[in-house]
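To keep things clear, I will list the structure first and then write my remarks on it.
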Amino acid sequence: MAEYITGMNPAIIKWARERSGYSLEEAAAVIKKDVATLSAWESGGSAPTYVQLEKLAGKYKRPVAIFFFPEPPEEPDIAGNLARQSSENTPISPRMHSLLRQAYARQISLMELNLGVNPMRKKIFRELQAQPDDVASELARKTRVYLDVSIDTQLGWRNTKAALENWQDIVDREGIFVFKEAFRDDSVDGFCITHEEFPVIYLNNSSPLVRQIFSLFHELAHLLLGENGMTRGDFIRGGDIEDFCNQFAAEFLVPDLDLETRLTFSAYDDDAIETLANQYKVSRPIILLKLVNRGILTREDYAQKIEGWTAERGTYERKKSAGKMPMLMSSGPEPSFHELKDVNAKPSGRRRYYKTRATYLGYRFMELAFSKYHQGQCSIEQLAEHLDVKVEDLPELENNLLRKADN
């Protein structure tokens, strides 16, 4: 018969659950125990076996040893901060709680690798600090001048994939590290975490490329305001920080002065909106938002078109799932690292795994980590920990980095 654990701190079981975004009922369902049992573990009325504690630790993404600490470890409650500043009542999912902690860990890695100093020469988050009462469109124009990217350059990029890669590289160069992950939460397109030296942006690699582009600049606006942020769904909200960030991103990507020269359509139907979206390498809702702001279309038009496009997308996804539509792998997101079940199955699986890891980590971060290792400033085990891979995966991951540098 399995023995129950002694010496465990029940308060930390509750703390770990709450910091993981699970309600008592959700957590009990996940570990296949009734609510009364889990509640008793959290109050100290009873204790789990070691196997049960391991299962809890796995679900909460915590090491088993943490449950024997006298006090919960100090760490910022980023999810709680985001929830408090949001005007929405939408809860943050356990998966997003985990990614927010991962982002914080990446900031710690950046601090350790760089001895606490951001190595980038320019730091946009310091040089273009903004206030909530600033005019979003003016900040967007200043930002485009600061980044020194012309409209002709933007329109000249081959496709949205190239546009996203270029925008990410441009933001990376300004001292903000951009990472990707498969969020497994369609309601969130991105988030950011501020820091005095190493602010980070995370993009949902499962989102369409055009939405990732918008999220990148929505989150940049949050960082210029000096606050954490999270990009969710609709573009029309009204009167809060999210609206400011939406307006900033829309004006940055589709400047009014340039748009004015392209508004030559007799009617602004779906074809006209799609033509403009393709030119700027942005989503149709961004163009729609700009047309609403200019009084060309109404908010009712916006709502109707979004509803129609959402229905079209749902139909497409259902047909694709049923095998009746071709898979658009050339422009779609990479699969999640966690969803690649057997990367050793065949060479193509291994190559895809390393490409996915490189995409998620970002080449700027990988380049920095490998350079510190080769300079003797961290061990190979520390390098693997910073990159969140096994030591044996490092050579091929570096090869992927070198191939990228050669392109």
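The values are calculated or read from the model by the stated rules, or taken from the named source; none is laboratory data. This structure is a prediction, so every number in the text was calculated from the model and none was measured. Here the Cβ positions follow ideal geometry from the backbone for every residue, glycine too, while neighbour counts run over all protein chains shown.
Tabulated values for the structure
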item: Test result for Ala79, under 25 Å from the mean Cα position of the chain (by Cα), aliphatic (A, V, I, L, M), under 30 Å from Met230 (Cβ atoms) and modelled with pLDDT of 90 or more; result: no
item: Elements of type helices (runs of 4 or more DSSP H) contained in segment 153-259, each with 3 or more residues being more than 26 Å from Glu300 (Cβ to Cβ) and of a type outside the set (S, T, N, Q); result: 160-173, 209-224
item: Selection from segment 133-152 of residues that are part of a helix (DSSP H, G or I) and among the hydrophobic types (A, V, I, L, M, F, W, C); result: Ala136, Leu139, Ala140, Val145, Leu147, Ile151
item: Selected residue (only one of Glu54, Glu127 is surrounded by fewer than 16 Cβ atoms within 10 Å (Cβ to Cβ) and farther than 26 Å from Glu219 by Cα); result: Glu54
item: Subset of segment 135-153 (residues that are of a type outside the set (S, T, N, Q) and free of Cβ contacts under 8 Å to residues at least 12 places away in the same chain); result: Val135, Glu138, Val145, Asp148, Asp152
item: Every pair of residues 6+ apart whose Cβ atoms lie under 6 Å, when the first sits in segment 368-397 and is within 17 Å of Ile108 (Cβ to Cβ) while the second is among the charged types (D, E, K, R) and assigned to a helix (DSSP H, G or I); result: Cys378/Lys372
